[in-house]
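A.B. asks: For reference, the structure I am asking about is given below.
Read-outs: derived from the displayed coordinates by stated rules, not from any lab. Because the structure is a prediction, the values reported are computed rather than measured. All Cβ positions, even for glycine, are placed from backbone atoms using ideal geometry, and neighbour counts span all protein chains on display.
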Amino acid sequence: MIKSNLDNETICLQNDLSNLKCFSLTCFTLTNAYDNRLIPLLRRMTYLEKLTLYIRLVDRSTFVDGTHLHNEILMHMSQLHRFNFYISTQIPIDDSVHHLSDDNMQQTFNNIGYYQTSCIIDYYCSSNAICHVFSLPFIFNRLEMITNRIPSLIFPHVTYLQVVDTIQFNYSFFIRVSRAFTLLKYFTIINIMSPLWNFEEYEADYIQSNSIIIFPHLISLNMNILDKYYIEQFLLDTKTHVPHLTELKLSYRNLKNVTENFTRNATRNNCANIKRISFCDKRDYPNELYIYFPSLEIVSFSII
């Protein structure tokens, strides 16, 4: 049995890994231990037949692409016949960094015969970029740092999703999320709103779609760093149906505004089963809050 922690000084491993047939590593936290710890470890597994990696990398100057994976890992595993992976790489950028496209990245996998892959590169702010590369079908249950550019794929196993962007998420975006992530249970939305927020455009997108979005399995919704319009999107029953929602993380001020001081009938249905609320901006709560949320058990304060 192998136990490893990329982020700590201690790594407990068998001395001889050359006869290992199967290895799986999942690391949800961001790590900078890929080049100096994981690659040397994998190179000791010369007869590996199945490899599964889920890793999120930081402190690199370049994205991990197909060419890198082939040269640093895969060519050292002559018996490997199955490689399931999700690898994200966050790098700092400036004007000197060449902007790669999704197709550029995809070609590096095509060149090594890995055609069943998907690649997403996002330059989501002026100083940072993130690249997601993963094998298809997607077998993992978690995705983070996804922007407006969700690919036209189905992620049947994902239960936790974090989306983040500086561009507003329109109504059609949430429709795509509901269709792509059919088993979604935990949803975190981070939108660093620009001064160009266009409420009229958002409403026009909603009116044009003319449909109620359904998240049948969603139980937890984190909307701490959000404009009130997103909160209305999920609580207003003419826009969204969330029958199993039991946890909210959001701003008290925004919740109070959206529910019209805890009196609005159109938001009652989606609030009926809420058991836990975590506010990021208030520690004292009126009795009206508890009356409006009849299932409420825990109210807390957290800035995270």
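A.B. asks: What does the charge count near F155 come to, summing +1 for each Lys or Arg and -1 for each Asp or Glu among other residues with Cβ under 13 Å from its Cβ?
C.D. replies: Numbers: positive: R142, R176, R179, K185; negative: E144.
Net charge in that neighbourhood comes out at +3.
A.B. asks: Taking only pairs that are 8 or more places apart or on different chains, how many Lys pairs in the chain have Cα atoms under 24 angstrom apart?
C.D. replies: The number of close lysine pairs in the chain is 19.
A.B. asks: Right, another one. Counting other Cβ atoms within 10 Å of each Cβ, which trypsin sites (Lys or Arg not before Pro) in region 32-118 have at most 16 and sit in a DSSP loop? Each step should come with its number before you reach the end.
C.D. replies: Details: sites: R37, R43, R44, K50, R56, R60, R82; in loops: R44, R60.
Qualifying residues, ordered by number: R44, R60.
A.B. asks: Roughly how many nanometres apart are two label points built 7 Å out from the Cα toward the Cβ at N111 and T29?
C.D. replies: For the pair N111/T29, the computed spacing is 3.5 nm.
A.B. asks: Mind listing the long-range amide H neighbours of T240? Cut-off is under 5 Å, sequence gap 5 or more, other chains count too, H placed in the peptide plane at 1.01 Å from N.
C.D. replies: Result for T240 returns I213.
A.B. asks: For the residues F279, F173, what sequence is obtained by ranking on other C-beta atoms within 10 Å, fewest first? The partial results should precede the final answer.
C.D. replies: On the way: F279 23, F173 19.
Lowest to highest Cβ neighbour count: F173, F279.
A.B. asks: Any idea what the alpha-carbon Rg over 2.2 N^0.38 Å comes to for the chain? Could the numbers behind the result be given before it?
C.D. replies: Details: Rg = 22.0 Å, N = 304, 2.2 N^0.38 = 19.3 Å.
In units of the globular-protein estimate, the chain measures up at 1.14.
A.B. asks: Let me ask something additional. Net charge near D281: determine it from the other residues with C-beta under 11 Å of the C-beta of D281, scoring Lys and Arg +1 and Asp and Glu -1. Please report the intermediate quantities before stating the final value.
C.D. replies: Values: positive: R253, K256, K282, R283; negative: none.
With Lys, Arg at +1 and Asp, Glu at -1, the net is +4.
A.B. asks: Moving on to the next point. Dipole magnitude of the chain about its Cα centre, charges +1 at Lys/Arg Cβ and -1 at Asp/Glu Cβ only, in debye to the nearest 20? Working shown, then result.
C.D. replies: Working: 25 positive and 28 negative charges, 209 e Å.
It comes to approximately 1000 debye.
A.B. asks: Right, here's the next one. Hey, fewest Cβ within 10 Å first, where do C271, C27, C125 land in order?
C.D. replies: Numbers: C271 23, C27 18, C125 13.
In increasing order of surrounding Cβ atoms, one gets C125, C27, C271.
A.B. asks: For region 1-137, just say rounded, prolate or oblate: build the C-alpha gyration tensor, square-root its eigenvalues into a ≥ b ≥ c, call rounded for a/c under 1.5, and beyond that prolate if a/b exceeds b/c, oblate if not. Please list the in-between numbers first.
C.D. replies: Values: a/c = 2.30, a/b = 1.44, b/c = 1.60.
Oblate is the answer for region 1-137, as a/c is 1.5 or above yet b/c matches or exceeds a/b.
A.B. asks: Sum up the charges of everything whose Cβ sits under 13 Å from the Cβ of H132, counting Lys and Arg as +1 and Asp and Glu as -1, but leave H132 out. Present the calculation step by step, with values, prior to reporting the outcome.
C.D. replies: Working: positive: R56, R142, R149; negative: D65, D102, D122, E144.
After counting each charged neighbour, the total is -1.
A.B. asks: So, with +1 on the Cβ of K and R and -1 on the Cβ of D and E, and no other charges, what is the size of the charge dipole of region 141-304 about its Cα centre, to the nearest 20 debye?
C.D. replies: Details: 16 positive and 15 negative charges, 89 e Å.
Its charge dipole is roughly 420 debye.
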